[in-house]
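The values are calculated or read from the model by the stated rules, or taken from the named source; none is laboratory data. Just so it is clear, the model here is predicted, and its values are computed rather than measured. Virtual Cβ from ideal backbone geometry, glycine too; neighbours counted across all protein chains shown.
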Amino acid sequence: MRSIIVGGGVAGCAMATALHALPQSTASTIIERRLPDAPGGMGFLLMPNGLAALRELAPRTDWSDAGHWIEHASLRASDGQTLAEHLLEPALCVSRTRFLALLRDAALANGRTHFIHGSSVVHLETTSREHEASFRAHSIVLDNGCSLDGELFFGCDGARSQFRAMLFSKAELSDAAIHEIVSVADAPALARELGTTFRKYHDPRGGLAVGMLAEGDGRVVWFIQMDASRHHVVDTSGPALAAFADAMLDGWAADVVEAIATTDFATSHLWKTRDLPPLPALHRGNAALLGDAAHACLPFTSQGANSALVDAVLLARLLRDVRTAGGAPEAFAEYSRLRRPNHRRLFLEGRRLRAAFLAPAASSGPALPLVA
Ligand SMILES: Cc1cc2nc3c(=O)[nH]c(=O)nc-3n(C[C@H](O)[C@H](O)[C@H](O)COP(=O)(O)OP(=O)(O)OC[C@H]3O[C@@H](n4cnc5c(N)ncnc54)[C@H](O)[C@@H]3O)c2cc1C
């Protein structure tokens, strides 16, 4: 069976790796619009469900090489006063670039996967769009006019997925109510001080917080999370972001001041976070959606990358006994049936955590921004 995977991020590389385990999978082509050396993002937390999926995907890879273990969460007021402490099931804070490099190596390991970089998928050719039962995708068209045939299609092209739009034209992302400035600080002393603790500082009025985690080699991944209706970033140049952070976080705890001082804001990223209301299905015929394309969720859940890994593992399990491409739609339907309740739960949990974040500090203290 020949697979076409649209998007070479976490979901796409995980799906290609998962397909390796299937002898009937003869070749996988990943189409990725970014070039291999393009900046790869900052970092995220691999939670227990994501780590379990990784162990199944590539048991011989030591994923702990990609980051730093996090075992506690400390929720604090903006002046540094501790509000709540939580013991966490160990999670791994990874650099997205380093993690993706390991995942790409795993995807390429058996020689049956190849990448096409620098091309976007713009169209999906199908036999029938009107009759659901006979819907079959047979090729994709790239922005350079080339067309590629396949038997199985996986849409892994992220939150603003074009592939999703080709399957479900009415699906729409929500507006971005929360913006985040995500940065990496080169801060060995702060990284040592943080150790295995995820610290998050909160403005008591709500709608503004700073989170930080050590990611390894003296680096700290940190973010300023803000209510987009109250705090406006107009200029995303490095000096403007630095000035914005200085002004917004004046008088905050010493860790926050240190993170600002040790950050090159030219590499920071303004992330306008959006989620996707649950889709009617995660597949059509022989085309399935994974990762953010299927279920973009708010960052409060810390589940974006983790859910993408779980999707890939489940799809591969369901395809294990499918001998010919004709059996794939049934496996994809089962995947959709099993995963949709989880997506709905993450969507609702993300919304609940967003409401808690936007409100003034509750007497019960801030909510832990993680969903298992
Ligand atoms: C550059 C980048 C940096 C990020 N940085 C962070 C971060 O620091 N922290 C964090 O928590 N999350 C970050 N994310 C998001 C995070 O990776 C995802 O939420 C999560 O890992 C789910 O992965 P995904 O593979 O579904 O989506 P993504 O990781 O977004 O991957 C989707 C891939 O599809 C490609 N693509 C999109 N459209 C097309 C098309 N039409 N044709 C071909 N290819 C296409 C994109 O270039 C991208 O590589 C980042 C995403 C990207 C793309």
Considering each residue of the range 161-207, count those that are among the basic types (Lys, Arg) and outside any strand (DSSP E or B), and give that number. 4
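Yes/no matrix, rows are residues, columns are (1) of a type outside the set (Asp, Glu); (2) crowded, with 17+ Cβ neighbours inside 10 Å; (3) under 14 Å from the mean Cα position of the chain (by Cα); (4) closer than 16 Å to residue 157 by Cβ:
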residue: 10; (1), (2), (3), (4): yes, yes, yes, yes
residue: 21; (1), (2), (3), (4): yes, no, no, no
residue: 25; (1), (2), (3), (4): yes, yes, no, no
residue: 37; (1), (2), (3), (4): no, no, no, no
residue: 44; (1), (2), (3), (4): yes, yes, yes, no
residue: 47; (1), (2), (3), (4): yes, yes, yes, no
residue: 53; (1), (2), (3), (4): yes, yes, no, no
residue: 59; (1), (2), (3), (4): yes, no, no, no
Exclusive hit being away from the ligand (no atom under 12 Å from the Cβ), in contact (Cβ under 8 Å) with a residue 24 or more places away in the chain and assigned to a helix (DSSP H, G or I), set 256, 220: 256
Of the conditions (1) buried (at least 24 other Cβ atoms within 10 Å of the Cβ); (2) under 21 Å from residue 286 (Cα atoms), the single one that residue 2 does not satisfy is (1)
When you check residue 242 against the structure, is it closer than 13 Å to residue 181 by Cα, of a type in the set (A, V, I, L, M) and more than 25 Å from the chain's Cα centre (by Cα), yes or no? yes
Of everything in the range 69-106 that's aliphatic (A, V, I, L, M) and over 26 Å from the mean Cα position of the chain (by Cα), which residue is farthest from residue 207 (Cα to Cα)? 84
Is one or more of the residues making up the range 287-294 at pLDDT 95 or above, assigned to a helix (DSSP H, G or I) and among the aliphatic types (A, V, I, L, M)? yes
Looking only at residues that are part of a loop (DSSP other than H, G, I, E, B) and within 15 Å of the ligand (Cβ to nearest atom) in the range 265-283, which one is surrounded by the most Cβ atoms within 10 Å (Cβ to Cβ)? 282
Just wondering, is there one or more residues in the range 58-69 that are polar (S, T, N, Q), more than 16 Å from the ligand (Cβ to nearest atom) and outside the structural domain of residue 325 (by TED's automatic domain parsing)? yes
Checking the conditions here, which among 362, 333, 367 is closer than 17 Å to residue 154 by Cβ and not assigned by TED's automatic domain parsing to the domain that holds residue 200? 333
Free of Cβ contacts under 8 Å to residues at least 40 places away in the same chain and within 16 Å of the ligand (Cβ to nearest atom) - does that describe any residue in the range 185-208? no
Checked against (1) away from the ligand (no atom under 16 Å from the Cβ); (2) touching a helix residue (DSSP H, G or I) at 6+ places or on another chain (Cβ under 9 Å), residue 228 satisfies every condition except (2)
Single residue of the range 129-161 satisfying the filter (touching a helix residue (DSSP H, G or I) at 6+ places or on another chain (Cβ under 9 Å) and closer than 30 Å to residue 236 by Cβ) that is surrounded by the fewest Cβ atoms within 10 Å (Cβ to Cβ): 160
Please find, among 266, 294, the residue that is free of Cβ contacts under 8 Å to residues at least 60 places away in the same chain and either β-branched (Val, Ile, Thr) or at negative phi (or both). 266
Kindly list the number of the only condition in (1) part of a helix (DSSP H, G or I); (2) more than 19 Å from residue 97 (Cβ to Cβ) that fails for residue 210. (1)
Determine if the range 175-184 includes at least one residue that is at pLDDT below 95, surrounded by fewer than 16 Cβ atoms within 10 Å (Cβ to Cβ) and out of contact with any Cys (no Cβ under 9 Å at 6 or more places or on another chain). yes
Residues of the range 70-124 being at positive phi and in contact (Cβ under 8 Å) with a residue 24 or more places away in the chain, which ones? 80, 118
Quick one: in the range 14-57, which of the residues that are away from the ligand (no atom under 16 Å from the Cβ) and hydrophobic (A, V, I, L, M, F, W, C) is farthest from residue 116 (Cα to Cα)? 52
